[in-house]
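Visitor: Before I ask anything, here is the structure I am working with.
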Amino acid sequence: MLGYSIKRVALALLILVVVMLGMFAMVYVIPGDPASIALGPRATPELKALLIQRMGLDQSLPNQIWHFFRAAATGDLGIDVWSKRPVLDVILEVFPKTLLLGAVSLCWAVVLGIGLGCLAVIWRGTFIDRLLGVLSVSMIAVPSFVIALYSLLIFAVWLGWLPAIGAGQSGDWGSQARALILPSFAIGVSWVGYIARLVRASMLEVMGANHIRTARAFGLPETVVVLKYALRIAIVPTIAIIAIGAGSILSSAVFVETVFSRPGIGTLITGAVEKRNYPVVMGTVLFMTAFYLFVVTAADLLIARLDPRVRDVLRG
Amino acid sequence: MSCAVEQTVENLPPRGRGALAQLMRDPMGMTGAVLVVGFILLAIFAPLLAPYDPIQIDVRHKFQPPSLAHWAGTDQLGRDMLSRLIWGARVALGISMTATGIAGALGLLLGLVAGFGPRWLDAVLVLFFDSFSSLPMIMFALAVITVLGPGITTLIIVIVLVSVPGYGRLIRAQTLALKGADYIQAERTIGASSARIILYHLLPNVVGPLVILLSMDIPVVIMLEAGLSYLNLGVGPPTPSWGNILYDGYTSLRSAPYMVIAGGIPLILCTLGFTFLGEGLRDALDPKLKLRVAR
């Protein structure tokens with residue numbers, strides 16, 4: 001397990017280095033003057049000179065790469081051109097809000113998805129199973145921002161049950177929770193579909209496996225067989241898909257946060273793109289990529305712990 | 001764009017009428033096929049089917065609710081919503097099919113090179129595929145848009161860049177699996193060139209799964225195009241795109257809710273159609289190509 005963990009973490013770090021090199025290339029190799037692009041339409045000669053010095057653009061290429069990596073490794077993602085604050089501070093201010101939104105979306109989706117998946121297994125082959133199948137695929141197919149717009153129209157504008165915009169009043173937990181309902185619904189819907197399909201497929205596969213038959217032959221109660229032996233294996237693909245889907249949740253969050261004017265990584269980066277606030281865009285991309293790699297690697301390690309067969313993939 | 005593709009050499013797709021008959025027996029697949037054909041016809045014949053010019057401004061008739069004259073109402077500039085939605089199909093399908101087509105061709109090429117070429121090149125390409133797959137799609141798209149500026153060309157470049165690794169990985173896995181097959185070894189023994197093996201044996205066998213993958217990715221690409229256009233970072237006005245039509249509706253949500261309702265319907269139907277068709281095709285041609293998740 002230790003060998004596998006080291007290899008997996010090393011691979012994640014290597015990918016991060018490649019991604020950083022790619023981003024370095026995007027900033028420095030694109031046609032035109034990187035300082036002007038970074039500063040956007042607000043570039044003044046003084047600001048440009050300062051940024052050229054700060055970015056090390058007057059140094060040799062190896063020095064620039066070293067400077068870029070050293071800064072990123074120490075958490076220096078640059079300075080927000082508009083607010084003049086460190087980009088990392090700006091990101092860390094809104095990141096917990098997006099994290100909370102993603103976690104709440106995933107939580108209700110996992111509960112409902114596992115429930116629907118189990119129902120489909122219980123009624124497998126029946127009309128209900130087929131109906132749940134079509135429903136799951138439909139949930140996956142509908143874009144989250146359209147669900148966001150429709151739910152905003154119905155529950156906030158027409159019925160007036162829930163707030164239309166914002167993240168609730170600070171300090172008021174009730175108002176913050178109410179502001180979370182519609183955005184987390186919009187993000188979670190497609191995940192209900194994914195998880196229901198996956199749980200159904202893996203449960204059906206596991207229930208026919210040899211170790212389940214053996215467990216039954218030993219006379220273990222059905223609850224123990226299902227919860228201790230079947231679910232343990234059936235849940236593995238679900239963990240994998242949730243981890244891989246961290247990126248998909250982020251994508252949905254970008255759109256959904258914009259629809260509900262909710263502070264978070266989505267509104268931060270879309271605002272930055274509109275203003276061509278280059279350091280914030282690049283800093284956010286780098287931060288979120290590192291976060292995504294962390295989640296995927298952690299999930300891989302967890303899966304390897306739950307299902308030892310996975311470790312053989314890297315070992316081989 | 002996608003991952004967790006599992007594919008093995010022993011489940012090469014059945015071809016011909018059997019698969020088509022199976023697709024036609026599957027209600028979900030058939031619904032998808034009907035919707036997709038409908039949208040393709042809508043896109044092709046948009047100039048004939050649209051009752052009005054989609055960019056013709058008529059401020060005297062702005063915010064008209066649905067009526068006999070304007071079936072889906074008019075927008076904030078008095079443009080006919082139905083005409084804009086019909087032309088929007090052309091934009092959505094045009095961009096998604098062009099981009100997935102280019103990405104598919106590039107993925108095919110890189111996958112074949114990775115699977116058939118020297119090991120060091122395979123390692124480099126796999127690292128490239130893994131690195132690109134590790135970038136959250138939307139974040140990467142926004143970074144590229146910041147550098148290149150929004151527009152249809154940027155949108156296509158973004159889609160191609162985020163899609164290629166998924167296709168490349170699939171083709172590489174297929175190529176590696178096929179490379180060791182007995183009939184390929186036999187070809188080698190009788191002195192067949194690499195070009196002949198690739199063209200006559202590998203290519204026909206790897207194209208099937210790629211087509212399924214492409215059809216399953218089209219709805220994801222349509223969603224991305226609409227989403228970025230909604231954020232004003234994709235197709236810009238006055239060109240009608242389902243995304244920017246929805247944004248116009250969002251800004252007038254209280255006064256003209258019909259704009260958002262009408263704007264969402266074709267997008268939902270189109271993504272549902274392609275997803276149903278993709279599922280049907282997968283079941284008919286290649287049941288073992290597992291569920292994938294968009295990043």
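The values are calculated or read from the model by the stated rules, or taken from the named source; none is laboratory data. If you're wondering where the values come from, they're calculated on a predicted model, not measured in any experiment. All Cβ positions, glycine included, derive from the backbone under ideal geometry; neighbour counts span all protein chains shown. Side chains included, ligands, DNA and RNA excluded: accessible areas come from the protein's heavy atoms. Shrake-Rupley method; radii C 1.70, N 1.55, O 1.52, S 1.80 Å.
Visitor: Of all the residues that make up segment A:68-100, how many are without any contact (Cβ under 8 Å) to a residue 12 or more places away in the chain and either charged (D, E, K, R) or not in a loop (DSSP other than H, G, I, E, B) (or both)? Outline the logic, then answer.
Guide: So the first thing to find is which residues in segment A:68-100 are without any contact (Cβ under 8 Å) to a residue 12 or more places away in the chain, and the list is A:70-71, A:73-74, A:83-86, A:89, A:92-93, A:96, A:99.
Now narrow it down to the ones that are either charged (D, E, K, R) or not in a loop (DSSP other than H, G, I, E, B) (or both): A:70-71, A:73, A:84-86, A:89, A:92-93, A:96, A:99.
Final tally of qualifying residues: 11.
Visitor: Can you name the condition, by its number, that B:Gly264 falls short on among (1) more than 8 Å from chain A (Cβ to nearest Cβ); (2) at pLDDT 90 or above; (3) buried (at least 20 other Cβ atoms within 10 Å of the Cβ)?
Guide: Of everything listed in (1) more than 8 Å from chain A (Cβ to nearest Cβ); (2) at pLDDT 90 or above; (3) buried (at least 20 other Cβ atoms within 10 Å of the Cβ), B:Gly264 misses just condition (1).
Visitor: For segment B:225-239, which positions are open to solvent by 10 Å² or more (accessible area, probe 1.4 Å) and more than 12 Å from every other protein chain (Cβ to nearest Cβ)?
Guide: Once the filter is applied, which keeps residues that are open to solvent by 10 Å² or more (accessible area, probe 1.4 Å) and more than 12 Å from every other protein chain (Cβ to nearest Cβ), segment B:225-239 yields B:Gly236, B:Pro237, B:Pro238, B:Thr239.
Visitor: Still on this model: Report whether or not A:Phe185 is in a helix (DSSP H, G or I), more than 18 Å from A:Cys107 (Cα to Cα), open to solvent by 50 Å² or more (accessible area, probe 1.4 Å) and touching a residue at least 24 places away in the same chain (Cβ under 8 Å). Please lay out each step first, then the result.
Guide: On the way: in a helix (DSSP H, G or I): yes; more than 18 Å from A:Cys107 (Cα to Cα): no; open to solvent by 50 Å² or more (accessible area, probe 1.4 Å): yes; touching a residue at least 24 places away in the same chain (Cβ under 8 Å): yes.
Spelling it out, it is not the case that A:Phe185 is in a helix (DSSP H, G or I), more than 18 Å from A:Cys107 (Cα to Cα), open to solvent by 50 Å² or more (accessible area, probe 1.4 Å) and touching a residue at least 24 places away in the same chain (Cβ under 8 Å).
Residues are listed down the side, and each one gets a yes or a no for (1) assigned to a loop (DSSP other than H, G, I, E, B); (2) modelled with pLDDT of 90 or more; (3) on the phi < 0 side of the Ramachandran plot; (4) of a type in the set (Lys, Arg):
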| position | (1), (2), (3), (4) |
| --- | --- |
| B:Arg15 | yes, no, yes, yes |
| B:Ala21 | no, no, yes, no |
| B:Val36 | no, yes, yes, no |
| B:Tyr52 | yes, yes, yes, no |
| B:Phe63 | yes, yes, no, no |
| B:Leu85 | no, yes, yes, no |
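Visitor: What's the total number of residues in segment A:261-271 that are facing chain B (nearest Cβ under 10 Å) and crowded, with 24+ Cβ neighbours inside 10 Å?
Guide: Within segment A:261-271, residues that are facing chain B (nearest Cβ under 10 Å) and crowded, with 24+ Cβ neighbours inside 10 Å number 3.
Visitor: For segment A:206-266, please list each of the helices (runs of 4 or more DSSP H) lying entirely inside it that holds at least 2 residues being farther than 21 Å from A:Gly117 by Cβ.
Guide: On the way: elements: A:210-217, A:231-244, A:246-259.
Correct list: A:210-217, A:246-259.
Visitor: Right, here's the next one. Out of segment B:134-171, which residues are part of a helix (DSSP H, G or I), at pLDDT 85 or above and open to solvent by 50 Å² or more (accessible area, probe 1.4 Å)?
Guide: B:Ile152, B:Thr153, B:Ile157, B:Leu161, B:Arg169
Visitor: Separate question: For segment A:232-255, what are the residues that are of a type outside the set (Gly, Ala, Ser) and within 10 Å of another protein chain (Cβ to nearest Cβ)? If you could, list the steps in order and put the result at the bottom.
Guide: Pass one, segment A:232-255, residues of a type outside the set (Gly, Ala, Ser): A:232-233, A:235-239, A:241-242, A:244, A:249-250, A:254-255.
Passing the criteria: A:Pro237, A:Ile241, A:Ile242, A:Ile244, A:Ile249, A:Leu250, A:Val254, A:Phe255.
Visitor: Which condition does A:Ala109 not pass, out of (1) within 12 Å of another protein chain (Cβ to nearest Cβ); (2) touching a residue at least 24 places away in the same chain (Cβ under 8 Å), if it passes all the others?
Guide: Checking A:Ala109 against (1) within 12 Å of another protein chain (Cβ to nearest Cβ); (2) touching a residue at least 24 places away in the same chain (Cβ under 8 Å), the one that fails is (1).
Visitor: Quick one: A:Glu274 ticks every box in (1) surrounded by fewer than 22 Cβ atoms within 10 Å (Cβ to Cβ); (2) within 8 Å of chain B (Cβ to nearest Cβ); (3) in contact (Cβ under 8 Å) with a residue 12 or more places away in the chain bar one, so which box is it?
Guide: (3)
Visitor: Do we find that B:Leu142 is touching a residue at least 60 places away in the same chain (Cβ under 8 Å), within 14 Å of chain A (Cβ to nearest Cβ) and more than 22 Å from the chain's Cα centre (by Cα) in this structure? Can you show your working first?
Guide: Details: touching a residue at least 60 places away in the same chain (Cβ under 8 Å): yes; within 14 Å of chain A (Cβ to nearest Cβ): yes; more than 22 Å from the chain's Cα centre (by Cα): no.
Judged against the criteria, B:Leu142 is not a match.
Visitor: A further question on this structure: Can you tell me how many residues within segment A:175-195 are within 11 Å of chain B (Cβ to nearest Cβ) and under 13 Å from A:Ile114 (Cα atoms)? Spell out the reasoning first.
Guide: Start the filter on segment A:175-195 by keeping residues that are within 11 Å of chain B (Cβ to nearest Cβ), which leaves A:190-191, A:193-195.
If we keep only those that are under 13 Å from A:Ile114 (Cα atoms) too, we end up with A:191, A:193-195.
Result for segment A:175-195: 4.
Visitor: May I pose another question? Looking at (1) surrounded by 20 or more Cβ atoms within 10 Å (Cβ to Cβ); (2) more than 14 Å from every other protein chain (Cβ to nearest Cβ); (3) not polar (S, T, N, Q), find the lone condition where B:Ile197 falls short.
Guide: (1)
Visitor: Please verify whether A:Gly125 is more than 24 Å from A:Leu286 (Cβ to Cβ), away from every other protein chain (no Cβ under 12 Å) and touching a Leu at 6+ places or on another chain (Cβ under 9 Å), treating the condition exactly as stated. Outline the logic, then answer.
Guide: Values: more than 24 Å from A:Leu286 (Cβ to Cβ): yes; away from every other protein chain (no Cβ under 12 Å): yes; touching a Leu at 6+ places or on another chain (Cβ under 9 Å): no.
When the stated conditions are applied, A:Gly125 does not pass them.
Visitor: If I filter segment A:134-174 down to residues being out of contact with any Ser or Thr (no Cβ under 7 Å at 6 or more places or on another chain), closer than 30 Å to A:Met203 by Cα and facing chain B (nearest Cβ under 8 Å), which single residue comes out as surrounded by the fewest Cβ atoms within 10 Å (Cβ to Cβ)? Write out each step before concluding.
Guide: From segment A:134-174, those out of contact with any Ser or Thr (no Cβ under 7 Å at 6 or more places or on another chain) are A:134-136, A:138, A:145-164, A:167, A:170-174; that's our starting set.
Then drop every residue that is not closer than 30 Å to A:Met203 by Cα, which leaves A:134-136, A:138, A:147.
Subset that is facing chain B (nearest Cβ under 8 Å): A:134, A:138.
Values: A:Val134: 15, A:Ser138: 18.
Of everything passing the filter in segment A:134-174, A:Val134 is surrounded by the fewest Cβ atoms within 10 Å (Cβ to Cβ).
Visitor: What is the number of the single condition among (1) within 14 Å of chain A (Cβ to nearest Cβ); (2) within 22 Å of A:Leu149 (Cβ to Cβ) that B:Leu281 does not meet?
Guide: (2)
Visitor: Still on this structure, I have one more. In this structure, does A:Ala240 turn out to be open to solvent by 20 Å² or more (accessible area, probe 1.4 Å), closer than 21 Å to A:Ala299 by Cα and either among the aliphatic types (A, V, I, L, M) or touching a strand residue (DSSP E or B) at 6+ places or on another chain (Cβ under 9 Å) (or both)?
Guide: Numbers: open to solvent by 20 Å² or more (accessible area, probe 1.4 Å): yes; closer than 21 Å to A:Ala299 by Cα: yes; either among the aliphatic types (A, V, I, L, M) or touching a strand residue (DSSP E or B) at 6+ places or on another chain (Cβ under 9 Å) (or both): yes.
Criteria met by A:Ala240.
Visitor: I've got another one for you. Quick test of your reading of the structure: A:Thr258 fulfils all but one of (1) within 30 Å of B:Leu233 (Cα to Cα); (2) open to solvent by less than 30 Å² (accessible area, probe 1.4 Å). Name the failing condition by number.
Guide: Among (1) within 30 Å of B:Leu233 (Cα to Cα); (2) open to solvent by less than 30 Å² (accessible area, probe 1.4 Å), A:Thr258 violates only (2).
Visitor: What residue, of B:Ile218, B:Ile222, is of a type in the set (Val, Ile, Thr), over 18 Å from B:Lys62 (Cα atoms), at the interface with chain A (Cβ under 9 Å from one of its Cβ atoms) and part of a helix (DSSP H, G or I)? I'd like the intermediate steps shown before the answer.
Guide: Values: B:Ile218 fails: at the interface with chain A (Cβ under 9 Å from one of its Cβ atoms).
None of the others qualify; the one that does is B:Ile222.
Visitor: Answer yes or no as to whether A:Val259 is among the β-branched types (Val, Ile, Thr), at pLDDT 90 or above and in the same structural domain as A:Gly113 (by TED's automatic domain parsing).
Guide: Details: among the β-branched types (Val, Ile, Thr): yes; at pLDDT 90 or above: yes; in the same structural domain as A:Gly113 (by TED's automatic domain parsing): yes.
Taking the combined requirement at face value, the residue satisfies it.
Visitor: Looking at B:Val91, B:Val113, which is the one that is open to solvent by 30 Å² or more (accessible area, probe 1.4 Å) and among the β-branched types (Val, Ile, Thr)?
Guide: Result of the check over B:Val91, B:Val113: B:Val113.
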